[in-house]
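Just so it is clear, none of the values below were taken in a lab; they were calculated from the coordinates. A quick note: this is a predicted structure, and the numbers were derived from the prediction, not measured. FYI the Cβ positions are ideal-geometry reconstructions off the backbone, even for glycines, and counts take in every protein chain you see.
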Amino acid sequence: MLGMNTPFACLPVFAPCQDGARLGLGGAALGNLFEAISDAQAHDLVAAAWQDGCRSFDTAPHYGHGLSERRLGDALRPQACTSLRLSSKVGRLLTPSRQAPDDQHGYVKTLPFVQHWDYSASGVRRCVEDSLQRLGLAQIDTVFVHDMDAHTHGAQAEQVLRQVLDETLPALAELRQEGLIAHVGLGVNDHAVVEQVLRHADLDALLLAGRYTLLDNVAGAHLLPLLVHKKVALSLGGVFNSGILASRIDPGQPLRFNYQAAPAHWVAKAMQIQKVCDAWQVSIQAAALQFVLAHPATQLVWLGAKHASEWRAARQAHRQPVPPQFWQDLQHQGLLPEGLPTP
């Protein structure tokens, strides 16, 4: 991945597409999130993104219980170069099991492993080493501490936070010093836990999923300005909120919001946004993507495509002209808070 004279830790956290677009490929779908795709489809998706200039790719042990990492490593290994940025995550260890169910945690036809939480120093080291084995690589650019929030851990959240501060982050710092990784961050769906961590520790990067979107922009008021102040490289996942903003909304079809069936109040708000989109002849996907990229904190947006056609559709949405009056209309109707940056 590196030129002989390139210090690994000096590389930027994320790399834009070769045409400058701040987009990367998220790897959840490569782990069969919600539906299975074939190895050939996975390879074609990664190849299409790479040929289109994508140079940032994200994965995790959680995604298909190692399936996403294996597929992504196989597809990218021949392309390894100084422009590639690859990230994965720690917090879940995978244990082989003959009784492992095929469908686990929203992923279908997973590999025969079960997962358990482990934020300990030894668990973090093993998790990184296991990921390197699955990827078939010697280094990972960025490692995110995965899902350490209260929504995930409930009553154990305070204990998890303390362990992350006392063990996880120091262990990752050691791995960075050893050259196995270059950057350390959090990969979470909750903005509040990021603010908690930043009171006690420095981070290189953040992957925030579903909390700064056209529909749910709760992180925009305080966290994103804080990231600019702290010089934390922000990447955004889930900018279509698991699909509700990914295409024209049809209320007669099942709609997902943040990995589950969309609650009625989010569907109602999304339908109001859709009406404004229709009035200005703007696709809701273009509006969702261009809105999040307008914030000065945003360095990269992860596109969670399942097929090469979805990657290309998102790239077209990124280029679609959107009139300034569209954003003003959203604000006037109370669908977008005043003060948040717009294109």
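Beyond 28 Å, what share of the Cα-Cα pairs of the chain remains, rounded to the nearest whole percent?
Working: 23129 of 58653 pairs.
Result: 39 percent of Cα pairs exceed 28 Å.
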Checklist line | Full-stretch length increase - GLN316, GLN133 - with 0.36 nm per residue and alpha-carbon distance subtracted | finding: 62.3 nm
Check: Can you give the net charge of the other residues whose Cβ lies under 15 Å from the Cβ of ASN217, counting K and R as +1 and D and E as -1?
Finding: -1
Margin query: Per residue of the range 107-118, what does 6.51 cos²θ - 1.76 cosθ + 1.60 with θ = phi - 60° give for ³J(HN,Hα)? Whole Hz please, x for Gly and Pro, Karplus curve as stated.
Written below: 9, 10, 6, 7, 6, x, 9, 10, 10, 9, 6, 7
Notebook entry, point to check: If contacts are Cα pairs under 8 angstrom and at least 6 residues apart, what is the relative contact order of the chain in percent?
Noted result: 16 percent
Next item on the list: Return THR168, THR152 ranked ascending by Cβ neighbour count within 10 Å, so the fewest neighbours appear first.
Entry: THR152, THR168
Notebook entry, point to check: Each label point is 7 Å from the Cα along the Cα-to-Cβ direction; what then is the distance between the points at GLU338 and GLU178, in nm?
Noted result: 5.4 nm
Margin query: Give me a comma-separated list of calculated 3J(HN,Hα) values for the range 155-163, in order, Karplus coefficients 6.51, -1.76, 1.60 applied at θ = phi - 60°, integers in Hz, x for any Gly or Pro.
Written below: 5, 8, 4, 5, 5, 5, 4, 5, 5
Next item on the list: Pull out a ≥ b ≥ c, the square roots of the eigenvalues of the alpha-carbon gyration tensor of the range 187-343, then state rounded if a/c is under 1.5, prolate if not and a/b is larger than b/c, and oblate in the remaining case.
Entry: prolate
